[in-house]
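Here it is: the structure, laid out below.
Please treat every number below as a calculation from the coordinates, not as lab data. What you see is a predicted model, and the numbers here were worked out from it, not measured in a lab. As a convention, Cβ positions derive from the backbone with ideal geometry for all residues, glycine included, and neighbour counts pool all protein chains shown.
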Amino acid sequence: MDTLKQKFFEKSSALAKEVKGLLKEHGDTVVGEVKLRQVYGGMRGLISMPWEPSALDPIEGIRFRGYSIPQLRELLPKAPGDKEPLPEGLFHLMLLGEIPTYEEAKWLSEEWARRAEVPAHTFAAIEALPNGTHPMTQFTIAIASMQTESIFSKRYSEGMSKKDYWDATYEDTMNLIAKLPRVAAYIYRKNYHNGEHIAPDPSLDWAANYAQMLGVTDNPDFKSLMRLYLTIHADHEGGNASAHATHLVGSTLSDSYLALSGGMNALAGPLHGLANQEVIKWVYEMIENLGTTKPTKDQIRTYAQATLDKGKVIPGYGHSVLREPDPRFTAQRVFAQEYIKDSDIVEVVWKGFDVIPEILKGLGKVKNPWPNVDAHSGAILVHYGLTEFSYYTVLFGVSRALGVLAASCWSRAMGLPLERPKSVTSDWLKQVIADKNA
Ligand code: HAX
């Protein structure tokens, strides 16, 4: 058994044992309440599942095992000569709760390179889709098509014992994460570079290999960006739609391939991950409409107001949990300030940050008028030549796999059951209100 797996087994079985005791002693302790507003309001704030890799605070934003993004930028291991963290290090942290050494992160790079082979039928499945199929549709189909490789599914059909579920899920997690950059790069090159594919380089780390297979630029800063990008998008506690969907599907004992594919379908919605493409689309349309790549703050304000007047949302702004600017937005802004000089599109994002929150506040209903993670990412990608915005959510998805799959290992190790919340009819709810008022 490899060291990461052994350590994970020790830590997760200790917590599973502790939780068993907690449930026995305190299983009836009330940890929250449900209001009518939450039943009709998308379950905001409803405490409903444990999630080990990360936790989200409305004010200070995401913490991965207690570490904020600025701390991770400082503390996680880095590729030689780079300032940005290796996503391998974050995966190790999310899985074990420990910041790894450089050697431990490097072991993960090598292990994922070793497991990276993608079955030929997955490429054939992508090829079979008609031109114009959205890259996220291609991505979810490709992930589901790799289910033929699932160790969980194979061992389950052979009669695997419940106590071994975690082991098979760990193997699927490692294999699936390893394969994603190749699949995702294949989709990019097929759609936007005449199918001229670039071979993987197993000597590179996970993010750098993905960056070189995309082939958008030789600028080494793009590899740094990808390391940062794939780190900060990895997890956002368990309640967000892609994480929760992955967890829900996985709770039926669907394997990691089917569960992640389900999660990616959720990420593909414009209120969630697809917002990163919508932001740049919105910016491009504004630029075209105004006839300048350097709109003034007043012009952006007017254009944003017109968007709202048409009954549309401003993409990249607002959040269901956060109530301050998203630290993932800030991390990208810090990156852009350091690495990018004279980019009109980055300037547009920064000017938007100065004027859009005031407009949203003015609506009087938006709970969070601040930019989220998706407000910034596209402008940086455009700067490095990755201009095909329909692809952006795939990048997000490759990263999100790290968190949701680390969490799925914990779910299996803890023996979390099938998810099955309760729904009620509106008549039932009206009756409860009537009874309370009687
Ligand atoms: N522009 C215009 N109106 C907005 C808005 C925005 N950016 N954000 C919220 N609102 C509106 C809502 O549509 C809602 O209006 P109605 O009552 O008329 O339906 C009202 O303000 C209250 O919404 P809320 O409670 O503040 O926000 P929700 O928790 O319901 O929704 C969303 C959160 C992220 C979906 C929302 O802010 C939104 O639509 N933002 C734009 C899309 C976006 O950027 N999504 C990405 C979010 C981050 C993420 O998941 N990334 O992957």
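Pick from the range 298-310 the residues that are within 12 Å of the ligand (Cβ to nearest atom) and part of a helix (DSSP H, G or I): which of them is surrounded by the most Cβ atoms within 10 Å (Cβ to Cβ)?
Once the filter is applied, the top-ranked residue is A304.
For W112, only one of the following conditions fails: (1) without any contact (Cβ under 8 Å) to a residue 40 or more places away in the chain; (2) assigned to a helix (DSSP H, G or I). What is its number?
The number of the failed condition is (1).
Can you say whether S251 is more than 17 Å from the chain's Cα centre (by Cα) and under 28 Å from A14 (Cα atoms), as far as the supplied structure shows?
yes
Among the numbered conditions (1) more than 10 Å from the ligand (Cβ to nearest atom); (2) farther than 24 Å from L386 by Cα; (3) surrounded by 20 or more Cβ atoms within 10 Å (Cβ to Cβ); (4) not charged (D, E, K, R), tell me where V283 comes up short.
Of (1) more than 10 Å from the ligand (Cβ to nearest atom); (2) farther than 24 Å from L386 by Cα; (3) surrounded by 20 or more Cβ atoms within 10 Å (Cβ to Cβ); (4) not charged (D, E, K, R), only one is false for V283: (2).
Do you know which of the residues in the range 91-121 that are more than 22 Å from the chain's Cα centre (by Cα) and of a type in the set (S, T, Y) is surrounded by the most Cβ atoms within 10 Å (Cβ to Cβ)?
Checked the range 91-121; the qualifying residue surrounded by the most Cβ atoms within 10 Å (Cβ to Cβ) is Y102.
Looking at the range 1-56, which of its residues are under 24 Å from C409 (Cβ atoms) and among the acidic types (D, E)?
Scanning the range 1-56 gives D2, E10, E18, E52.
Shifting gears a bit: Within the range 316-348, work out how many residues are surrounded by fewer than 21 Cβ atoms within 10 Å (Cβ to Cβ), hydroxyl-bearing (S, T, Y) and within 14 Å of the ligand (Cβ to nearest atom).
The total comes to 1.
Count, please, the residues in the range 8-64 that happen to be touching a residue at least 40 places away in the same chain (Cβ under 8 Å) and charged (D, E, K, R).
4
Taking V313 and the conditions (1) at negative phi; (2) near the ligand (Cβ under 9 Å from one of its atoms); (3) over 16 Å from the mean Cα position of the chain (by Cα); (4) crowded, with 18+ Cβ neighbours inside 10 Å, which numbered condition does it fall short on, given that it satisfies the others?
(4)
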